[in-house]
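J.: Supplied in structure tokens, the structure appears directly below.
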Amino acid sequence: MIISDQDISSTANSRVLKTYQEARLQNIENLRKLVVDAAAMLLQEEGPEAVTVRKVAQQMGCSTKIIYNLFVNKEGLAQQLYLDGCKLLANELDGTPQAADPAQHLQNLGEAFWQFGQRYSSYYKLMFGGAFADFKPDEESLNGTKTAMQQLLTVINNAQKQGLIAGQYAPELVIRVFWASLHGVIHLYMGGHLGDVQSAHAVYRQTLSFIVNSLIPNKT
């Protein structure tokens, strides 16, 4: 096979050249992702209490100094885990079966939220249970939560437009009441107050039904 000067020129022109600074930033970003992945593995397998800078460094086979250089402190690492949790929650809600009936759709979203708490209990404790005492979600983290809950906001907005939910209540207030009530059941279960998972799930489903029926009364 003969390669012409034109082929060489074309290949050279198709390459994307990077400066040293760009390559360095890309390497740092790749390393940050690897560290977050290691922390996420500890979070899921051993719980929030296992996520320390020392243990993450051991998992990565590096010094704690590297972790601190990348994230400043444990709270910086916690924020990245929080944002990962927002993506997991969004995926859980986005995978919820669609329903033409808004009441049924809210039931489905509520059930998906329970499943998120069960499937990713360590993320749930980090995001909503204060598992990292010194970590307080910043604006970026809170915006991630709002984005994850966007589908719930859309259903409630549409139900209000259809006159199914009283219009005097702001959608954000309705969501907070809906969400806070479900959080309460999950927190009681995690605190050991509702018995085994089957008993707690039954309480959760009944609470969810009460909330949905109060928002969108069955008129039949």
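J.: Along the Cα→Cβ direction, 7 angstrom out, place labels at E75 and A99. What is the inter-label distance in nm?
T.: For E75 paired with A99, the spin-label model returns 4.1 nm.
J.: Under a Cβ-only charge scheme (Lys and Arg +1, Asp and Glu -1), can you give me the dipole magnitude of region 96-220 about the Cα centre, in debye to the nearest 20?
T.: The dipole of region 96-220 has a size of about 260 debye.
J.: Something else now. According to a simple spin-label model (label point 7 Å from Cα along Cα-to-Cβ), what is the distance in nm between N213 and H183?
T.: A separation of 2.6 nm, rounded to one decimal place.
J.: Evaluate the charge dipole of region 17-72 about its Cα centre and quote only its size in Debye, nearest 20, assuming +1 on the Cβ of each Lys and Arg and -1 on the Cβ of each Asp and Glu.
T.: 280 debye
J.: Another one. Any chance you could run the full-extension gain for T52 through I28? It's 0.36 nm times the residue separation minus the Cα-Cα distance, nm to one decimal. Could the numbers behind the result be given before it?
T.: Working: separation 24, 0.36 × 24 = 8.64 nm, distance 2.04 nm.
Gain on stretching T52 to I28: 6.6 nm.
J.: Using a Gaussian network model on the chain with a 10 Å cutoff between Cα atoms, which of T96, T154, T52 fluctuates the most?
T.: Ranking T96, T154, T52 by mean-square fluctuation puts T154 first.
J.: Then there is this: Between A90, L208, Q118, whose Cα lies farthest towards the positive end of the dipole of the chain when Lys and Arg beta carbons carry +1 and Asp and Glu beta carbons carry -1, centred on the Cα centre?
T.: Selected residue: L208.
J.: Follow-up question, since we're still on this one. For the chain, which DSSP H helices look membrane-span-like by this rule: Cα extent along the axis of 24 Å or more and mean Kyte-Doolittle of at least -0.5?
T.: Details: long enough: 20-46 (39 Å, -0.30); 74-94 (30 Å, -0.26); 102-119 (25 Å, -0.84); 171-190 (28 Å, 1.00); 197-215 (27 Å, 0.45).
Those that pass (Cα extent of 24 Å or more, hydropathy at least -0.5) are 20-46, 74-94, 171-190, 197-215.
J.: Expected output is a single nm value to one decimal: the length gained when fully extending between Q115 and Q198, i.e. 0.36 nm times separation in residues minus the C-alpha distance. What is it? Can you show the working numbers first?
T.: Values: separation 83, 0.36 × 83 = 29.88 nm, distance 1.26 nm.
Once the chain is fully extended between Q115 and Q198, it gains 28.6 nm.
J.: Around H201, under 15 Å between beta carbons, what's the net of Lys plus Arg minus Asp minus Glu among the other residues?
T.: Details: positive: R119, R205; negative: E111, D196.
So the surrounding residues net to 0.
J.: Taking the Cα centre as origin and putting +1 on Lys and Arg beta-carbons and -1 on Asp and Glu beta-carbons, what dipole magnitude results for the chain, to the nearest 20 debye?
T.: 240 debye
J.: Moving on to the next point. If I compute percent of Cα pairs over 20 Å apart from the structure I just sent, which labelled value in (i) 63; (ii) 54; (iii) 67 lines up?
T.: (iii)
No value in this document is a laboratory result; all are computed from the given coordinates. Owing to the predicted nature of the structure, the values given are computational and were not obtained by experimental measurement. All Cβ positions, glycine included, derive from the backbone under ideal geometry; neighbour counts span all protein chains shown.
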